[in-house]
1. Most exposed first by the Cβ proxy, i.e. fewest other Cβ within 10 Å, how do B:VAL131, A:VAL434 rank?
2. Using a 10 Å cut-off around each Cβ, can you sort B:TRP170, A:TRP463 from fewest to most neighbouring Cβ atoms?
3. Kindly write out, for region A:159-167 in residue order, the coupling ³J(HN,Hα) from the Karplus curve 6.51 cos²θ - 1.76 cosθ + 1.60 (θ = phi - 60°), rounded to whole Hz, with x marking Gly and Pro.
4. Quick check: Cα centre of region A:561-582 to Cα centre of region A:433-481, how many Å?
5. Figure the gain on full extension for B:ILE94 and B:ALA157 (residue separation times 0.36 nm, minus the Cα-Cα span) and round it to one decimal in nm.
6. Report the extension gain between A:ARG456 and A:SER493 in nm, rounded to one decimal, defined as 0.36 nm multiplied by the number of residues separating them, less their alpha carbon distance.
7. How big is the C-alpha Rg of chain A next to the rule-of-thumb value 2.2 N^0.38 Å, as a ratio?
8. Kirkwood hydrodynamic radius, computed over distinct alpha-carbon pairs, for region B:39-211: how many Å, to one decimal?
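Any read-out appearing in this document is the output of simple, stated calculations on the displayed coordinates, not a laboratory observation. Since this is a predicted model, take the numbers as computed values, not measurements. Cβ sites come from the backbone with ideal geometry, for glycine too, and all protein chains shown count toward neighbours.
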Amino acid sequence: MDQPIAHAEAAVDAHHHEPQSFWTKYVFSQDHKVIAMQYMITALVMGFIGMVMSWIFRIQLAWPDHNLPFLRLLMPTNMESGTLQTPGYYMLVTMHGTIMVFFLLTAILTGGFGNFLIPLQVGARDMAFPYLNMLSYWFYFLSCVVITASLFVTTGAASAGWTSYPPLSALEKATPGSGLGQDLWLIAIALFIVASTMGSLNYVTTALNMRAKGMTLMRMPLTVWGIITAAMLGLFAFPALFAGAVLLLLDRHLGTSFFLPHLVVGGEHIVRNGGSPLLWQHLFWFLGHPEVYILILPAMGITSEVLSNGARKPIFGYKVMVGSIIAIAFLSFIVWGHHMFVSGMNPWLGFAFVITTLIIAVPSAIKTFNWLGTLWKGKIRFTTPMLFAIGFISTFVTGGLTGLFLGNSALDIPLHDTYFVVAHFHVVMGLSSVFGIFAGIYYWFPKMTGKMMNERWGKVHFWLTFIGSYGVFWTMHYLGFMGMPRRYYSYDSYQFLPPSMHTLQMVITISALIVGAAQLIFTLNFLLAWLRGKKAPNNPWQATTLEWQAATPPPHGNWGPVLPEVHRWPYDYSVPGASADFVPQTVPVEIEPSGEHHRVAAAVNGHGQTNGHGNGHHA
Amino acid sequence: MVTTLDKPRRRTQLPPLPPGGGNGWWDSSDDPQSLAVPSWQFGTWLGLGTLTVLFAALSSAYVVRIGGERLAFALPTTVWVSTVLLIANSIALIVARRAVERKDRRFVGWLWASFGVGLAFLFSQLVTWSVLAGQGLFVTTNPHSSFFYVLTVVHGAHVLGGLGALLRCWYHVRRRSGYQRLRRAVGMTATYWHFVDAVWLWIVLLFVWTSL
Ligand code: HEM
Ligand SMILES: [Cu+2]
């Protein structure tokens with residue numbers, strides 16, 4: 001009714017109420033774009049820490065007990081002699097996994113990309129709950145502080161693995177890291193869950209409730225679909241781990257027996273009764289499996305977006321893509337048992353989990369088919385983001401295939417807890433998400449900062465990362481087949497492990513160091529581009545989605561006086577008869593034809609009500 | 001006496017909310033491309049969905065952990081007092097919310113009633129815990145008592161949150177934050193409390209069931 005005026009006035013307000021002070025603008029900001037950058041930078045710093053950890057334990061595996069004086073500087077408590085001691089090794093692998101999965105990947109994909117892209121891609125001025133959004137970042141920041149601080153406590157950081165299985169994680173005397181370090185681990189995870197929940201409430205609500213006029217659900221870019229589905233997974237899976245963390249803290253400090261049975265440790269009786277370590281595994285994996293999809297779904301979304309743009313073709317099978325995302329999300333809640341095939345579960349139950357697990361391969365394969373269909377006969381532009389997107393498809397296929405091996409309990413029983421599993425999940429989750437993230441960073445960096453990253457160094461970064469990563473993880477599959485158990489600090493005193501294994505370990509470590517060097521190139525490129533990169537044009541990739549219609553970088557409130565209006569789906573590339581090979585979503589169908597054939601009619605009759613603001617950029 | 005609150009100001013006259021208001025100038029929820037419910041309501045439901053999983057996880061951990069073993073102690077009678085209190089709380093909030101919708105000033109009284117009942121509930125819980133402790137039942141005694149304490153304490157923390165939400169409504173009344181804000185605050189608070197009350201009923205049901 002009085003909406004047209006309302007919007008016009010609101011827009012004027014936008015200019016009056018921009019936060020002014022340094023603190024409200026950059027620190028306790030409620031602007032989704034600033035929060036996105038905060039999340040992204042913090043996550044990248046955490047990722048860097050996680051990566052350095054992996055170098056150290058990789059050196060131990062390739063050159064066992066080699067004396068590395070510089071380690072003493074890094075970790076005085078666990079490396080007095082300059083060689084990595086066993087507790088230090090366990091600490092590092094635990095913290096590496098935890099930091100990478102939660103504090104890097106989850107944070108950057110939902111907190112970073114989710115924050116930046118959702119309001120911009122659906123045509124909103126900000127998130128639905130900006131204050132909550134700010135809190136989300138600061139809780140995340142706090143959780144990062146706690147987990148980092150735990151590295152410096154005298155007994156060392158948590159060392160029971162990123163899965164923190166009891167009794168290792170429940171008994172103080174189990175490992176040195178099971179002291180204060182483990183408590184801080186649990187607290188950090190609980191804080192992280194609170195942060196992630198506040199963020200996810202925002203992402204889902206904003207995408208569902210604050211879309212610009214004409215932005216129907218079926219016109220949302222696949223990035224938005226991927227991220228909000230991941231956010232839903234977070235909302236409904238994380239509480240299980242939260243519950244587990246609470247119970248584990250009680251087992252550790254109040255003497256309850258949730259996860260601890262009666263045990264004899266070092267000849268000493270532990271007075272607990274009847275608890276079940278498997279209960280933790282169920283709670284953990286009820287989150288843990290959806291968690292891996294929290295990481296892959298946004299990366300899939302980014303890949304779809306970048307592929308379609310780089311191939312100058314509409315995404316193949318958009319509706320099916322959306323359907324697959326939803327199907328994967330739903331299925332991911334009923335497969336957690338595949339992490340527990342060797343836990344002595346009833347074989348019939350195992351059988352049920354085999355079936356649900358293998359069914360997930362179907363929507364995954366459909367998505368892969370559609371990506372290839374998108375590339376097929378495209379006029380591909382091999383830009384850096386495009387290379388990373390193609391890299392994503394490669395690693396997702398490789399890692400998905402090994403998932404099929406593991407999904408069969410008969411094969412999983414020998415392969416469980418070997419390097420084969422390590423290889424599987426690093427390729428499918430680690431590499432794929434990282435490739436999606438890099439594709440996203442190179443692609444949206446111009447919009448975020450107003451600068452272009454260097455393409456040549458971007459390509460060097462890609463090829464070194466791509467080849468180096470296969471050097472690391474392809475090799476690990478062989479170690480797995482040979483029976484190399486995961487989480488072994490030293491492997492030279494076991495009869496069943498042939499000495500040739502050592503060569504493979506060296507190949508892996510050298511590759512890992514090359515990949516590490518490549519990330520330094522990326523860091524430099526990122527920083528230099530931000531400081532004094534070439535100025536970015538408004539729409540450097542000639543893309544169709546809404547964010548490219550906003551100013552660069554977008555101002556507070558994103559759209560200036562007039563909200564954008566959407567007239568077509570996000571994938572109008574190379575539409576026959578159009579004047580350019582891309583048509584932005586804001587261009588009316590009367591002006592340029594649309595490839596969204598079957599939906600044109602619906603768009604025209606809309607929902608009645610017009611609210612008076614045409615599109616501000618293409619009229 | 002029925003006094004009418006300030007009339008809802010027309011949207012065009014709304015002063016720009018300070019950032020963080022939820023439905024600020026950027027909210028396009030009146031636009032055609034959105035859900036039938038306002039963002040704050042949808043967000044509240046979604047958040048309650050998350051809490052549902054939290055209690056579901058704890059409850060199923062309980063069921064799994066006891067493996068069919070029956071509850072070994074009688075629930076103190078104060079549990080039933082607590083139950084009645086929380087039912088009364090929900091009723092008070094239903095009335096309060098209706099009053100707000102009618103712009104009937106008396107809603108403030110009902111909010112205080114709800115607050116009082118909530119406090120009484122916490123007191124009743126303290127009694128329950130001390131009765132159990134008096135019988136030698138502590139959080140470590142057996143899986144039933146462990147989970148009883150865990151579930152009721154986690155629930156109690158949410159009751160505290162509900163009391164905080166009521167104070168926030170009261171703050172909006174004092175600050176004269178405007179009708180829409182107040183309506184939103186009361187709506188959110190009521191929805192949240194109904195959930196907390198329902199969780200309590202669920203917890204009681206769970207323990208009644210394991211004692212059968
Ligand atoms: C076709 C699809 C997939 C199947 C059938 C599958 C199957 C499995 C199975 C059975 C395991 C347990 C192996 C063991 O511990 O013995 C496993 C581990 C794992 N998978 Fe997958 N997977 C698939 C895709 C994925 C995807 C897409 C991701 C992540 C984005 C992922 C991440 C992981 C992780 C993180 C682990 C190991 C966690 C650990 O033990 O530390 N998987 N997978
Ligand atoms: Cu899994």
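1. In increasing order of surrounding Cβ atoms, one gets B:VAL131, A:VAL434.
2. A:TRP463, B:TRP170
3. 9, 9, x, 5, 8, 6, 5, x, x
4. 30 Å
5. 20.5 nm
6. 8.7 nm
7. Here the Cα radius of gyration is 0.99 times the empirical estimate.
8. 17.0 Å
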